[in-house]
Each structure stands twice: as C-alpha cells, then as structure tokens.
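One structure is given below, encoded as structure tokens.
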Amino acid sequence: MSQRSLFRNKVAIVGAAVTNCVRHADVAVGSLAVQASDAAIADAGLTRADIDGVACGAGLPSYAASTRALQPGFDLVNGDFLINHMSLEPSWSLDKDSFPPALAFAAQAVASGAAKYVLVNRTLHNPVGRYNSFEGLGAKGSQQWSAPYGFVAPSSMIAMPYMEYQQRYGARREHMATLAVQTRKNVQDIPTAYWHGKELTVEQYLAGRMISEPMSLFDNDIPVDGSGSFILTSAERARDRPHKPVYLTGWAKVRNPSKFIPGTLGPLDDFYDGGFDLAGRLWGDSGWRADDCDIVQLYDGFTPLVWLWLEVLGFCPQGEAWRFIQDGKIARDGKFPLNSGGGNQGWGRLHGVPHVLECYLQLSRRAGARQIERAETAISTYATPCAPIGEALLYSTDPER
Amino acid sequence: MSDEREYDRPVPVPDEMTAGFWEAVGRHELSFQRCGHCGTYAHPPVSFCVGCHNLDQPAFSFEKVSGCGTIVNWTVITDQMVSGFIGADPIVHVLVRLDEQEDLLFPATLIGDTSGITLGAPVETVIRDVAPGVSLPYFQLIP
C-alpha cells in the first residue's frame, strides 16, 4: 500500500530545537524535553497554546535485566509527560518507540486535519551503569535465545551481518575509518553535538576497543542525555511562519520484515531484501531517484548501516559502498557530502534526530557556515533496512516537487 | 563449560511457547516447532503458521532435526556484557541455517576449534549440560 498519498508536500517542518548532548545531564531528561519543546515552539513563532498535537518517540533506554521500571521524565519522555508538564491541550497524540516514525505519523495527522500544529519530540536518556548489560540468572522472553550465550548487545547483532559483508565484499575496517573520521569532523562546528571539540583520527579509530568483531567502540553511537523537538503544520499555515518551510514529500517504511531471530538481525541478504523493497516504493511513489537528493543523511547509530542504506537506496551498487565513500567524496566539500549534520556518530545516541534536523536546517537555509549551496531536496533514513522501524523520509523546498 | 564452580550465567526460562523446545534440548535433541498442516518449521515458535496461515486450527509439534547446518554469519564477542561472562575469553557467536529449511535459523556459540570458520561452513549441533537441569545447544565445525 502506498504510504505517501496523504501528506505529499501538504505538511511542513516550521521549527526545531535540540539541547546539548552530554553523557549525563545535570537535570532529568524531562527538563531537557520541555526546554527543547519550548525552544522549537518559539522557533516556529508559536506559543504552547497553539500546539494541538503531540507525537513522541519514547522507546529505550534498555536497562540491565529490567531491574528498574521506566519512569517518564527520568528515563524517557512520552506524549502524556509533555502534555501534562507543558499544559498542552492536544486533540491528537501518539507515542511510537522511535522518533522518525512518530514524525511521519504526525505528518499524516496534520494532512488529515486531526491537528494543526504538532510538536514532535525525541528524548534519549543514558542510564547510569553499562548500557545494555544483562544482570541476573533468568533469561526470559526473547532473551532466552541470547543471554545464555553471553550475547545481548545490539552492537553484537549488527556485527554479524557486518562480518558477512566484510567477508563477501572484501571491505575492511580501514574502509569504515573514512566514514567515522568524516562524520566526527562534521560536528566540529556544531557545539551541541556530543563529539564537538573531539576529532577522531584514522589511527584512533583503528585502535578503538573491539566490542564484537568487527564492531569497535567507534562504530557505535555513544549513549547520551539529549532531546530534540520539531514543529509540523500544514503547507498553508507554514507560509505564515518566520522560517522557510521544509515540506515532507514522501516516506516509506520497511514492510514484511523478515522473521526476527532473537539475538540477531538475520542474514545480510535480509537487509537487501527489505531495503530494495523499501527503495522501490520510496522512489516509485515520489517519482524521485537517489540522484535527485541534494542532502543525504543516512542513519548511523551503527556505522555499517550507512553502507547498507547507500546500497539499497541506489546511491551505489550492492557491495560497493565501502569503496564509494573513499577519496574525499563524502567530505563536506566533496562530490557527495554525506551526513553533513554529523549523525548519531557525531551527536551521540539521538536516534535519528540529527538526520532530520540537518535535512530541515539545510533546506530552510539555516545551516550557517555548513550551508550546502544546492539544498532543495533531502533524504533521511532511520534504523535498518530490515527492521520494522526502518524508514526513509524525503524533503523538499518546493511544494510542487 | 562444566567446571567445578557454581554456574553463574543466565539460563533460559521456558515459557508456554518455548517449553517444548527446551524439553527436547534436555533430552539432547534439537527440535523446532513444526506445522502439522504444511510441515513448515518456525523458530522462534509462532502462534500461527507463517507457511500456510492456518488461523483456525493451528497444529504444532516440536520435531527433531538433524542439527546440521551452515554458518550464515558470525561475530567474536570480545567485550562481555552478560553476568557470568565478564572477563571470559572471546565468544564466537554464529547464526546457523539448519539443513531442513532455508529460513530455519538458530544462533548459538561455536565451540571447539573455530579457526576454520567461513561463510557457509558446515556445522553440527552439540548439546551440553551446563548446570543441573539446564542444557544448551551449541554448534561446532564439521572438519
């Protein structure tokens, strides 16, 4: 089923704000979320009273063996938390596990008339202690297939198809260093990003502690406390807002995800099957193709995902992304500036916020010193091409596009 | 895996859907949920068959498989995050495609000599008693 029809260029992003991303904030993440949300509302030239829709990505963090109940405001931020603590009176609200899907559904709500101005928030919390560690002796549910083998971390899960990729196509960690180093470089003029002020060299990348071969420390996004908010409204209302609107042109979500084997992300070919299917619908519905996207922000919570998104979307042939990104091509001044906004590898674990933010800032021509001259169309992706939360979003400055 | 110290690693907690799998492992048999209508295996167990979509009269049993398969992919876990494994030697964790069905996949530790690991390498199942009343399936390379 086509997912585009409801909002193609009928809904726009008209404001955004992101907090500093730090390992552990001085305040609870609920405070960060309200700060980001008030700032985004002000950025759009609105007040809290204008907001009649709220959508949140509220999944994570994962705690060791679920010994602790998650509390809104401290561990996560959901729609009800923002509604209650900002005295909002929405006619529509939605919580999804993850943020870019929440944004896409919020666009559907605006297009259908369910809400006029929707606040979309994603807040991430970095709990004290080791992220994703498993404590205890009883492995229940999906963890009965993984924890007894010492296997729990998402990093280990992506390591398996990444190993398969390396073995099949001949890529090595040296080739991934290009991406990690460039992405880190891209946040050196973005003070709110976690890795601002800390460049990464190829040598440092290659010497990074191995987590699960071939995934090293610097192939994972660092968990942070941080929050980002966006304001969506209709194309008609967007024209009266202070900043240049950025229209949402299309989206596609992974469908019929392959059967999920707990503790793995499946075979590498599942990524290609799901990704090519998604890309076929994305380009088919929009009439665009990869070459039409000026700004490209591909999800990089784990570095290998960038290669896979490049290939399934058609920026390069299958099995060649590791070669495609070399020789200065993905630098900001290169032929194919990639993840110019720094992504998760630059900002920390903000789950797709940096990617959507950069598409918005570049197309609304608010990217400051890093403004890319030709910025009329954009694409962001989220998660993996084989998971049900995986998706791609298209953006345009031209509502006729 | 069966040393003197008390077993301090997580053990599987069977549930309604998975009890049949773990009971078979306790008998040192690798078995998977299989549809009585169309013969499709499923892992993890499903509530209705993904092969024939029989919603009205699901008929499942756990059926023993050969335990033989091939390696789809793997990782070497060097940074342990699970209680009881902290400080342990690196773990070679493999995803195995069982010979019985193209999409019948099972992940487990590869034990024994792992130096010959490659994509598609043939493996067999080894079931070990790791603690009183607890058995786990592992894989090892077939030379």
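Could you list, in sequence order, all residues of the stretch A:10-30 that are over 26 Å from A:LEU393 (Cα atoms) and touching a residue at least 12 places away in the same chain (Cβ under 8 Å)?
If the condition is that a residue be over 26 Å from A:LEU393 (Cα atoms) and touching a residue at least 12 places away in the same chain (Cβ under 8 Å), then A:VAL22, A:ARG23, A:HIS24, A:ALA25, A:ALA28, A:VAL29, A:GLY30 are the ones that fit.
Quick one: B:VAL130 ticks every box in (1) assigned to a loop (DSSP other than H, G, I, E, B); (2) surrounded by fewer than 17 Cβ atoms within 10 Å (Cβ to Cβ); (3) within 13 Å of chain A (Cβ to nearest Cβ); (4) not charged (D, E, K, R) except a single one, so which number is it?
(1)
Read through the list (1) free of Cβ contacts under 8 Å to residues at least 12 places away in the same chain; (2) in a helix (DSSP H, G or I), then give the number of the only condition that A:PRO317 fails.
Looking at each condition in turn, A:PRO317 falls short on (2).
Only residues that are at the interface with another protein chain (Cβ under 7 Å from one of its Cβ atoms), part of a strand (DSSP E or B) and hydrophobic (A, V, I, L, M, F, W, C): list them for the stretch B:41-97, please.
B:VAL72, B:TRP74, B:VAL76, B:ILE77, B:VAL82, B:ILE91, B:LEU95
Return the residues of the stretch A:149-175 that are touching a residue at least 12 places away in the same chain (Cβ under 8 Å) and among the polar types (S, T, N, Q); say none if nothing qualifies.
Selection gives A:SER155, A:SER156, A:GLN166.
I'd like the full set of residues that are open to solvent by less than 10 Å² (accessible area, probe 1.4 Å) and either more than 13 Å from every other protein chain (Cβ to nearest Cβ) or not in a strand (DSSP E or B) (or both), limited to the stretch B:98-120.
B:LEU104
Show me the helices (runs of 4 or more DSSP H) entirely contained within the stretch A:321-379 in which 2 or more residues are aliphatic (A, V, I, L, M) and open to solvent by less than 10 Å² (accessible area, probe 1.4 Å).
Answer list for the stretch A:321-379: A:353-363.
Counting residues that are more than 14 Å from chain B (Cβ to nearest Cβ), closer than 26 Å to A:GLU311 by Cα and more than 22 Å from the chain's Cα centre (by Cα), which helices (runs of 4 or more DSSP H) fully inside the stretch A:147-214 reach at least 2?
A:173-186, A:202-206
Please determine, by comparing only the residues of the stretch B:42-77 that are more than 23 Å from A:GLY141 (Cβ to Cβ) and modelled with pLDDT under 95, which one is surrounded by the fewest Cβ atoms within 10 Å (Cβ to Cβ).
The qualifying residue surrounded by the fewest Cβ atoms within 10 Å (Cβ to Cβ) is B:ASP56.
Report yes if some residue within the stretch A:117-135 is within 14 Å of chain B (Cβ to nearest Cβ), part of a helix (DSSP H, G or I), within 30 Å of A:LEU265 (Cβ to Cβ) and more than 19 Å from the chain's Cα centre (by Cα); otherwise report no.
no
Identify the residue in the stretch B:1-40 that is part of a loop (DSSP other than H, G, I, E, B) and polar (S, T, N, Q) and, among all such residues, is surrounded by the most Cβ atoms within 10 Å (Cβ to Cβ).
B:THR18
Give me a count of the residues in the stretch A:286-304 that are open to solvent by less than 40 Å² (accessible area, probe 1.4 Å) and over 21 Å from A:ARG172 (Cα atoms).
Result for the stretch A:286-304: 8.
Being modelled with pLDDT under 95, part of a loop (DSSP other than H, G, I, E, B) and surrounded by fewer than 16 Cβ atoms within 10 Å (Cβ to Cβ), is that true of even one residue in the stretch A:38-59?
No, there is no match, as no residue in the stretch A:38-59 is modelled with pLDDT under 95, part of a loop (DSSP other than H, G, I, E, B) and surrounded by fewer than 16 Cβ atoms within 10 Å (Cβ to Cβ).
Tell me yes or no: at least one residue of the stretch A:56-70 is touching a residue at least 60 places away in the same chain (Cβ under 8 Å) and more than 27 Å from A:THR384 (Cα to Cα).
yes
Residue by residue through the stretch A:107-144, note down the ones that are surrounded by 19 or more Cβ atoms within 10 Å (Cβ to Cβ) and among the β-branched types (Val, Ile, Thr).
Within the stretch A:107-144, A:VAL110, A:VAL118, A:VAL120, A:THR123 qualify.
Listed here are the residues, each with its yes/no results for (1) at pLDDT 95 or above; (2) of a type in the set (A, V, I, L, M, F, W, C).
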| position | (1), (2) |
| --- | --- |
| A:PHE276 | yes, yes |
| A:GLY280 | yes, no |
| A:ILE295 | yes, yes |
| A:LEU298 | yes, yes |
| A:CYS316 | yes, yes |
| A:ARG332 | no, no |
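If A:GLN318 satisfies every condition in (1) open to solvent by less than 10 Å² (accessible area, probe 1.4 Å); (2) away from chain B (no Cβ under 14 Å) but one, which is the exception?
Tallying (1) open to solvent by less than 10 Å² (accessible area, probe 1.4 Å); (2) away from chain B (no Cβ under 14 Å), A:GLN318 fails exactly one: (1).
With the checklist (1) touching a helix residue (DSSP H, G or I) at 6+ places or on another chain (Cβ under 6 Å); (2) open to solvent by less than 30 Å² (accessible area, probe 1.4 Å) in hand, flag the one item A:LYS10 doesn't pass.
(2)
Anything in the stretch A:215-264 that is more than 14 Å from every other protein chain (Cβ to nearest Cβ), assigned to a loop (DSSP other than H, G, I, E, B) and open to solvent by 40 Å² or more (accessible area, probe 1.4 Å)? List them, or say none.
Passing the criteria: A:ARG239, A:ASP240, A:ARG241, A:PRO242, A:HIS243, A:LYS244, A:ARG255.
For the structure I just gave you, tell me whether B:THR125 is of a type in the set (Val, Ile, Thr) and either within 10 Å of chain A (Cβ to nearest Cβ) or surrounded by fewer than 20 Cβ atoms within 10 Å (Cβ to Cβ) (or both).
no
Residues that are out of contact with any helix residue (DSSP H, G or I) (no Cβ under 8 Å at 6 or more places or on another chain) and in a strand (DSSP E or B): does the stretch A:291-300 have at least one?
Yes; the residues of the stretch A:291-300 include at least one that is out of contact with any helix residue (DSSP H, G or I) (no Cβ under 8 Å at 6 or more places or on another chain) and in a strand (DSSP E or B).
The values are calculated or read from the model by the stated rules, or taken from the named source; none is laboratory data. None of these values were measured; they are calculated from a predicted model. Here Cβ is always computed from backbone atoms with ideal geometry, including for glycine, and neighbour counts include all displayed protein chains. Each accessible area value is taken on the protein alone, full model and side chains, heavy atoms only, with ligands, DNA and RNA left out. Shrake-Rupley method; radii C 1.70, N 1.55, O 1.52, S 1.80 Å.
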